[in-house]
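Quick notes on the structure that follows.
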Amino acid sequence: MSILQTIFQKKSTLILLFVSVLFISSALHLLDFYQITSVHARVLLVSRLAGIVLLVLYAIKRKSLTTWILISMVLGAEFGYDIPLWASKMNIFSKIFLNLVKTIIGPLIFSTLVVGIAGHADLKQVGRMSWKSILYFEVVSTIALFIGLIAINISKAGEGVEKPLTDAVAQINPVKAQTTEEIILHIFPENIAKSVAEGQVLQIVVFSIIFGIAVALLSEKYQRPMLTFTKALSETMFKFTNIVMYFAPVAVFAAIAYSVGHMGIDILVNLAWLLATLYLALIVFLLVILLPIALIIRIPIRKFIAAVSEPFSIAFATTSSESALPIAMENMQKFGVPQKIVAFVMPTGYSFNLDGTTLYLSLATIFVAQVADIDLSISQQILIVLTLMVTSKGVAGVPRASLVILLGTAASFGLPTWPIFIILGIDELMDMARTGVNVIGNCLATAVVARWEGEFDDDAARRFDTDYSEDLTSEEVV
């Protein structure tokens, strides 16, 4: 017993054991898959479960919420694969989590922006942050569009895909391309309660900025109580976020289990080349564009990865950027980005800096043309990219926004819509990756603007720690 206790008390030993079990399990699965030798299904199941048990023991030892979230993804995938009937009914837990997070977004953005603007009374900085943010957003998202364009032209994932026998077009509601007027009007709220209820992040940002400027212009008599209230509201919403985040591992487990359970593993085979093209393009974008930017602005890379790992995991599993917004804002403040910059840049980026989504849109649009056997010239493809630079900013807060834009773009350029139905088969898997990259891109954007403004706290970044369990323990001791 003492030997087992010694083994399981050391994190490094658990990791070594897990790697060994993973190697054995992978070897057994490969031998069975390629029919080199027949391996009993129970042996394969036991090998997978052994690895999962070691992961759970590691999570218990690690005592980190981020670790539990990451391991919950593995647990969910295994549960969805082994018990698909039950897993396909578990989406309710992830929906509960998303609903709770959505209640946080409006009050959190409002309070942090008002405190950031009115609390410092530097209205010129709001203007500086605006043009710096928009400039950064446009440059980076445009690069993402071109990376998607290059990737799909290299892989040619749409060539050779057969048209489905069923009338897929009838199963997709037609979408009218948005006009410039509609895009502009979408930015400004007509009713702030409606904007909060519908999750219109950009409209909440616009209202909060104007409200913060109005508070900054008040006399001391009226300004102080309003600032006291918004500061208290901001702190309360961050505490609210911490409470909700304890439910995140359950939500992530349910979301992944549901995805695997109702789609099955076979869906990966049918459009594997398209899926691989997107994932590789996103990895290239992270390594070739975002990583050099992080190095240029001199932020500690390992600490930044620690800061974004939790919001990335939540966004990846739930396919919702909104679900990661509160914890992303909190982590970036702990990482050394001032609250006023986080409160302004990150919500704005949810409309103007969706790097993963913009890359996907250019890639998917050309994929549609390839499947339909339509040869687009370089000039036509560049025109599509220029169009997406505008339209991709116009539907923030709309469910399945990327599908809406893709259908609108196809309609604008006379492309058929039936190939989009093919994409829908793996859209959830693609949505995971592009949503995760959206969150990473917006987290980095806050650091870029903070460094540009000369307000990035290097000491806080170096001290960053995401281990909430340790924070909770220290608070209980106090």
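Brief remarks on what is shown
- Part-to-part distance (alpha-carbon centres) for the range 78-129 and the range 12-43, which is given in Å: 38
- For the pair Arg62 and Leu287, label points projected 7 Å from Cα toward Cβ lie 2.3 nm apart.
- Exposure here means at most 15 other Cβ atoms within 10 Å; with trypsin sites (Lys or Arg not before Pro) in a DSSP loop as sites, the longest stretch of the chain lacking them is 177-297.
- Across Lys95/Lys194; Lys61/Lys95; Lys231/Lys334; Lys61/Lys239; Lys231/Lys303, pairs whose alpha-carbon gap is larger than 23 Å: Lys61/Lys95; Lys61/Lys239; Lys231/Lys303
- The 3J(HN,Hα) values that the Karplus relation (6.51, -1.76, 1.60; θ = phi - 60°) gives for the range 364-374 are, in residue order, 5, 5, 5, 4, 4, 5, 5, 4, 7, 6, 9 Hz. Gly and Pro appear as x.
Readers should treat all values here as calculations from the given coordinates under stated rules, not as data from a laboratory. Everything numeric here is computed off the predicted structure, so don't read it as measured data. Don't worry about glycine lacking a Cβ; one is built from the backbone with ideal geometry, like all the others, and counts go over all protein chains shown.
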